[in-house]
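The values are calculated or read from the model by the stated rules, or taken from the named source; none is laboratory data. Computed from a predicted structure; not experimentally measured. FYI the Cβ positions are ideal-geometry reconstructions off the backbone, even for glycines, and counts take in every protein chain you see.
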Amino acid sequence: MRVFNFSKEGTAEILRVMRKTKHWSQKELANRTGLSEASIKGYENGENVMSLEAAVKIANAFGVTPEMLVNTVEVAS
């Protein structure tokens, strides 16, 4: 069974890679989402845990589902 792994570190890396792939600065992502630049920086540094609301805003900016922002791991059922 696959479950979501909401680790700050995993989400931070995914967010950073997605943003850099688009060639967006943290400020540009903040403007596209309505979130603060400090929040984006905190998510990318693993200092802040992303709320569901923030995940939806970020996912919408990238044109993906919020699930794409988290790791999934295989667990024994």
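Quick notes
- Residue that is surrounded by the most Cβ atoms within 10 Å (Cβ to Cβ), among those in segment 36-49 that are hydrophobic (A, V, I, L, M, F, W, C) and either touching a strand residue (DSSP E or B) at 6+ places or on another chain (Cβ under 7 Å) or modelled with pLDDT of 90 or more (or both): I40
- Put simply, of T65, T33, T72 the only residue that is modelled with pLDDT under 95, hydroxyl-bearing (S, T, Y) and in contact with a helix residue (DSSP H, G or I) (Cβ under 8 Å, 6 or more places away or on another chain) is T65.
- Filter result for L52 (buried (at least 18 other Cβ atoms within 10 Å of the Cβ), within 12 Å of the chain's Cα centre (by Cα) and not acidic (D, E)): no
- Failed item in (1) within 17 Å of G10 (Cα to Cα); (2) in a loop (DSSP other than H, G, I, E, B), with H23 passing the rest: (1)
- Candidates are the residues of segment 2-26 that are of a type in the set (D, E, K, R) and over 10 Å from Y43 (Cα atoms); the one that is modelled with the lowest pLDDT is R2.
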